[in-house]
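Student: Before anything else, here's the structure in question.
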Amino acid sequence: MQSPSIGCLTRDPGSFSESRWHYASSLNELREQGEYDVVLVDLDAADAADVVFLLRCDARYHLTLIYAGRDRTGNAPELSDGSIPTDPNAITEAWRKWHQRLSEFNRGRYPERFDEYVLAWLWTRPEGRLKPVRHPHHAQFYYYPLLSAFADNEPVNEMVWLQLMMEQGWLERGPLTDRIRLCTHCGSARLNYVDVCPDCHALEIAREPSLHCFTCGHVAPQDHFLKQGLMLCPNCLTRLRHIGSDYDRPLENYRCRACQSFFVDAEVEVRCLDCDTHHTPDELRIREVRPYSLSEQGRLRCRQGFSGEAQAESHFGRLNLVSANAFTNLLNWQIQQSRRYGETAHGSLVLLRFANLGEALSQERGTTLLDSLIDRIRETIRETDRCARTRDELLWLLLPHTDRQGMDRLRERLTELNRLFREQDGIHIDLRTVGITLPENLLPQEDSDLLMARLGGEVS
Amino acid sequence: MLEALAVFPNELAAGGLTRLFLVLFPFFVLLELPLSLLVLAGVIRWYTRNLMTTPRASLYRPRVSCIITCYSEGRDVQNTLLSLCEQLYPGEVELIPVVDGATANEATMEAVRDFRVDPVRYPNRFLRPIAKWQRGGRVSSLNAGLSHATGEIVFALDGDTSFDNAMIGAMVRHFEDPSVPAVSGSLRVRNSWHSLATVMQSLEYFLSIQTSRVGLGEWNTVNNISGAFGAFRTSFLRHIGGWDTHTAEDLDLTLRIKSYFGRHPLRIPFEPTAVGHTDVPDTLRGFFMQRLRWDGDLFFLYIRKHRHSMTPRVLGWRNFLMTLFSGFFFQLVLPFLIVGYTLAGLVLLPLNVIAVLAVLIYAVYLLQTLILYLAGLLMVSERPWNDLKLAIALPVFPVFMFFLRGWGVICTLNEMFRRGHEETSMAPWWVLRRGRRF
Ligand SMILES: [Zn+2]
Ligand SMILES: [Zn+2]
Ligand SMILES: [Zn+2]
């Protein structure tokens, strides 16, 4: 078997004895020299980390074995394959294994798309993990360097992507790294928690010491008790002389400077530092941050290949669409069945309206979202379900043998996905859904046309 | 009883030792009367003076430093600190708890460390604790506190005493007059109703501290600034060298301040509305042991240390007489006379005469107590309803005082022969040894 071509980025080529290696002193020089099978980055830790990341961003080096640094303590830069081995034969050995695994990936087809690259990276590295890295400049404080590097020019919504991969069963979760709370509006984790007035939500509140008279039980702000340098209960006029025997201080109280209300517990309000949206703490989205690795099912898929998945399809074309005419006939038939057999012939009709379809598709990430939504629909519906588009933005789903519960589940999942995108990327597909279940929601004398008109009215 | 009264004139006629007894004994009893009258007059004067003057708002708000001597009080120190934070006084108050023997008194040290002064609630209160790792006694604690104090007025307070919230305000008021170098505060018993011993001590504190000192203070003859509770003008205190390395530092300091009275028109007011609350010994035994220490110290101070300053020239005539009369005579000499006469009487007089005399003397003392008590209750007490309850102890009080005087004799004897003050538990022996001998 052949040996790999090895490119070595170093400022001191003299420290290496290998004559077959190709030395470069800068990243640009290395890139211009051509494509190597293995890259060695012999720089100090901080520079090495930057170089490794930049190399990974380069499609030629997405999957390449990259060794960086000479640190033997196991602190090799993120996205590298470890520090530079002392034995050159170890490099050749590792490359052979890597090459072998890559050739088994997806029946020998080299990855083309984002998900394929990620899966291939994990597949060629048995210990490979998608590791979250904390970074204070990142709006969510955590990001996955590999996903960022592979995303290229089209930024991927990491959270949504990971969730989709999880649902398809290709990835599995590692131990929980952190739990963060996000703004529901913009998805930022840069949040400020402030005490505010529970009545008017003003920020300017101040603790106001209060007193509790033992004689009559009166509780009031301290000011009410002070009369000409003496402490008198305003209620029973007892002279209060000694804390603990005449009076005490009850729970801390607050006074709102804006509305003058007096309260025991201030309310906690969360203010997003990025978009200035105000939330209550329990409104925040909670996100769990963990590493991910290839699942058994994912490995199987990598080995057996994902043919058929890759074919390009127009967005809606990936659904088994029927013509509007055929759809109304099917619906009429379903209505008759349900009328005749009642509960035993359940069926549901869902209408999705993509109100701002044109606008959404014009955005770069809009297509991804739409694809994801359609993928979701496709995953959820069954072979027997039928879809149709009566107008550009109207998508009908006829779900025979599906009761209200099943239908609601589908609608919820779609709404959820849509919401994720809105929070993460600020892309908003104005998705309105309405659904009815047959025969319960069917009006007397209603046929498919009347029913579709009724639902159409509800989403317009 | 009637029979005994009938015998009385006969015995009087019989002459000799018995007559001497009957003539002299009431004399001693009556000797106390002028003092009582002086106190009573003082109380009435204070009361009427207070009625006449309307309280005026003053802008005099000097920074105050409170030295709190702590030893084995543990968590109770926090009550003291809290009661000082709670002071209504609008000026700045610096709290200097000095923990003596902090290594041994870990609980106290911890309590001081844990105490937090909430800056929102108490914007003018500052905590500056001092830990003295080795035990050095109360005087060294007070001097350490004094050297760190930044206030114009310094308070010497006990870690087991807590204070009414008007205390600092009431005490500081007096310092506006530059002729006031020190102010004495009033002490009350916190654990009044724990036992018979504490009830009796409550009554004693009420009569001899709160009421009597109002009377004495009115004539500028305060006999003692209690060690648990006094306030001093910092500059004056530093001028006379702070506290001295000896026992009974409170009385010692009072006498040293008074030694300036002859040359300067100074006065030491007593402020009955500045009230501290302290725990007294629960048992009679504990009480008598405490007095053994205190009364022994009296002898030490009057006879040994301040012998040379006991002149009218040093003290001024009024204080010389008062010190001689109330301090020296009443506290040191009178107990001997009473015990001596009692013993002599028991030997010389027939039983029925003793009975009559006992009843008579009891009646005189009860009357005196009653008058003082009523004066205190009606004119001085800031908690009359509390003090009214103490009335049930009044009938026993003269008997209690009789035994207390008797005990005073033993205390003084103990001091004379054993130099008992060196065994005092307030300071360890090595500190005392370094002090001057008398
Ligand atoms: Zn936001
Ligand atoms: Zn408000
Ligand atoms: Zn009240």
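Student: Taking every alpha carbon pair in the range A:1-110, what does the distance histogram look like in 5 angstrom bins from 0, in percent?
Tutor: All Cα pairs considered, the percentages come to 2, 12, 24, 26, 21, 10, 4, 1, 0.
Student: Further question on the same structure: If you take each beta carbon of peptide B:119-125 and count the beta carbons of other chains within 10 angstrom, what is the mean?
Tutor: Working: counts 0, 5, 6, 1, 0, 0, 0.
Mean partner shielding for this stretch: 2.
Student: Only four residue types carry charge here, +1 at the Cβ of Lys and Arg and -1 at the Cβ of Asp and Glu. Report the dipole size of the range B:58-282 about the Cα centre in Debye, rounded to the nearest 20. Could the numbers behind the result be given before it?
Tutor: Numbers: 21 positive and 25 negative charges, 120 e Å.
Around 580 debye, computed over the range B:58-282.
Student: Quick one: work out Rg over Rh on the C-alpha atoms of chain A, Rh as Kirkwood radius. Walk me through the numbers on the way to the answer.
Tutor: Values: Rg = 31.7 Å, Rh = 27.7 Å.
Across chain A, the Cα-based Rg/Rh ratio is 1.15.
Student: Given H placed on each backbone N at 1.01 Å, which residues far from residue A:210 in sequence or on other chains put an amide H within less than 5 Å of it?
Tutor: Distant-sequence amide H within range of residue A:210: A:222, A:253.
Student: Next up: Using 5 Å bins from zero, what percent of all Cα-Cα pairs in the range B:70-159 falls into each bin?
Tutor: Taking all Cα pairs of the range B:70-159, the binned fractions are 3, 15, 27, 25, 19, 9, 3, 0 percent.
Student: If amide hydrogens are placed 1.01 Å from N in the peptide plane, which non-local residues have theirs closer than 5 Å to the one on residue A:24?
Tutor: A:8, A:9, A:10
Student: For residue A:65, which sequence-distant residues (separation of 5 or more, or a different chain) have an amide H within less than 5 Å of its own amide H, given hydrogens modelled in the peptide plane?
Tutor: Close amide H contacts, sequence-distant or interchain: A:39.
Student: Also, I was wondering about something else. Give a quick list of chymotrypsin sites (Phe, Trp or Tyr not before Pro) in the range B:114-157 that DSSP marks as loop, anything other than H, G, I, E or B, with at most 13 other Cβ atoms within 10 Å. Working shown, then result.
Tutor: Numbers: sites: B:115, B:126, B:133, B:155; in loops: B:115, B:133.
Answer in residue order: B:133.
Student: Next question. From the alpha carbon gyration tensor of the range A:207-264, can you work out the equivalent ellipsoid semi-axes (sqrt of 5 times each eigenvalue) and give them in Å, largest to smallest? Write down the numbers at each step before the final one.
Tutor: On the way: eigenvalues 85, 29, 17 Å².
The answer is 21, 12, 9 Å, longest axis first.
Student: What ratio of Cα Rg to 2.2 N^0.38 Å holds for the range B:58-282? Mind showing how you got there, number by number?
Tutor: Details: Rg = 16.6 Å, N = 225, 2.2 N^0.38 = 17.2 Å.
Rg over 2.2 N^0.38 Å, computed on Cα atoms: 0.96.
Student: Turning to a different aspect of this structure: What is the spin-label model distance, in nm, from residue A:401 to residue B:282 if the labels are put 7 Å beyond Cα along the C-beta direction?
Tutor: It is 8.4 nm.
Student: Also, I was wondering about something else. What are the ³J(HN,Hα) couplings of the range A:126-142, residue after residue, when phi is run through the Karplus curve with 6.51, -1.76, 1.60 and θ = phi - 60°? Round to Hz, x for glycine and proline.
Tutor: Karplus values, whole Hz, x for Gly and Pro: x, 8, x, 9, 8, 9, x, 10, 7, 8, x, 7, 7, 4, 10, 6, 10.
Student: Sticking with this one: Can you figure out the FRET efficiency of residue A:112 with residue A:87, using R₀ = 41 Å and their beta-carbon distance, to the nearest 0.05? List each step's numbers first, then the result.
Tutor: On the way: r = 35 Å, r/R0 = 0.85.
Calculated transfer efficiency: 0.70.
Student: What is chain A's relative contact order, in percent, from Cα pairs under 8 angstrom and six or more apart in sequence?
Tutor: On the way: 749 pairs, mean separation 57.2, N = 460.
Dividing the mean separation by the residue count of chain A yields 12 percent.
Student: Treating only the Cβ of Lys, Arg, Asp and Glu as charged (+1, +1, -1, -1), what charge dipole size does the protein assembly as shown show about its Cα centre? Round to the nearest 20 debye. Let's see the in-between values first.
Tutor: On the way: 96 positive and 103 negative charges, 900 e Å.
Using Cβ point charges on Lys, Arg, Asp and Glu, the protein assembly as shown gives about 4320 debye.
Student: When the accessible area of the range A:315-459 is computed with all protein chains present and a 1.4 Å probe, what percentage of it is carbon and sulfur? Each step should come with its number before you reach the end.
Tutor: Values: 3110 of 6770 Å².
Looking at the range A:315-459 in its full context, I get 46 percent from C and S.
Student: Select from A:25, B:202, A:298 the residue farthest towards the positive end of the dipole of the protein assembly as shown; place +1 on Cβ of Lys and Arg, -1 on Cβ of Asp and Glu, and compute about the Cα centre.
Tutor: B:202
Student: Using a 10 Å cut-off on Cβ atoms, rank the peptides A:5-17, A:32-44, B:163-175 from the highest mean neighbour count down. Don't jump to the answer; show the numbers that get you there.
Tutor: Details: A:5-17: 15.5, A:32-44: 17.9, B:163-175: 24.3.
In descending order of packing, they fall as B:163-175, A:32-44, A:5-17.
Student: If you don't mind, there's one more thing I want to ask. Highest mean first, what order results for B:185-196, A:193-204 on Cβ atoms within 10 Å?
Tutor: On the way: B:185-196: 19.7, A:193-204: 14.8.
Listed from highest to lowest mean packing, they are B:185-196, A:193-204.
Student: Report the percentage of all Cα-Cα pairs in the range A:41-168 whose separation exceeds 27 Å, rounded to a whole percent.
Tutor: 19 percent
Student: Right, next: Based on the alpha-carbon set only, what is the convex hull volume of the range A:315-459 divided per residue, in Å³?
Tutor: Details: hull volume 14.0 nm³, N = 145.
Residue-normalised Cα hull volume stands at 97 Å³.
Student: I'd like the Karplus ³J(HN,Hα) series for the range A:323-338: coefficients 6.51, -1.76, 1.60, θ = phi - 60°, whole numbers in Hz, and an x wherever there's a Gly or Pro.
Tutor: The phi angles translate into 6, 4, 4, 4, 5, 5, 4, 4, 5, 4, 5, 5, 4, 4, 4, 5 Hz.
Student: Right, next: How many partner chain Cβ atoms sit within 10 Å of a residue's Cβ in peptide B:167-174, on average, as a whole number?
Tutor: On the way: counts 2, 0, 2, 1, 0, 0, 0, 0.
Rounded to a whole number, the mean comes out at 1.
Student: Then there is this: Rounded to the nearest 100 Å², what's the accessible area chains A and B bury against each other, both chains counted, probe 1.4 Å? Before the final figure, lay out each step's value.
Tutor: Details: alone 23490 and 20220 Å², together 42430 Å².
In total, this chain pair buries about 1300 Å².
Student: I need the peptides A:85-98, B:69-82, B:404-417, B:203-216 ranked by packing, meaning the mean over residues of other C-beta atoms within 10 angstrom, with the highest value on top.
Tutor: Working: A:85-98: 14.7, B:69-82: 21.7, B:404-417: 17.9, B:203-216: 23.3.
Sorting A:85-98, B:69-82, B:404-417, B:203-216 by mean packing, highest first, produces B:203-216, B:69-82, B:404-417, A:85-98.
Student: If you plug each phi of the range B:180-188 into the Karplus form 6.51 cos²θ - 1.76 cosθ + 1.60 with θ = phi - 60°, what whole-Hz ³J(HN,Hα) values come out, in order, with x for Gly and Pro?
Tutor: 9, x, 7, 10, 9, x, 9, 10, 10
Student: Is there a quick way to get the dipole size of the range A:1-110? I mean about its Cα centre, with the Cβ of Lys and Arg at +1 and of Asp and Glu at -1; what is the value in debye to the nearest 20? If you can, show how the numbers build up before the last one.
Tutor: Numbers: 12 positive and 17 negative charges, 105 e Å.
I would put it at about 500 debye.
Student: Starting from 0 in steps of 10 Å, tell me what percent of the Cα-Cα pairs of the protein assembly as shown lands in each bin.
Tutor: Using 10 Å bins, I get a P(r) of 2, 9, 13, 13, 9, 8, 8, 8, 9, 8, 6, 4, 2, 1, 0 for the protein assembly as shown.
Student: Compute the accessible area per residue over the range A:1-110, keeping the other protein chains in place, probe 1.4 Å, unit Å².
Tutor: On the way: 5640 Å² over 110 residues.
Accessible area per residue: 51 Å².
The values are calculated or read from the model by the stated rules, or taken from the named source; none is laboratory data. Because the structure is predicted, anything quoted here is derived from the model rather than measured. Backbone-built Cβ (ideal geometry, glycine too); neighbour counts: all protein chains shown. Note: accessible area is taken over every heavy atom of the protein model, side chains too, but ligands, DNA and RNA are not part of it. Shrake-Rupley method; radii C 1.70, N 1.55, O 1.52, S 1.80 Å.
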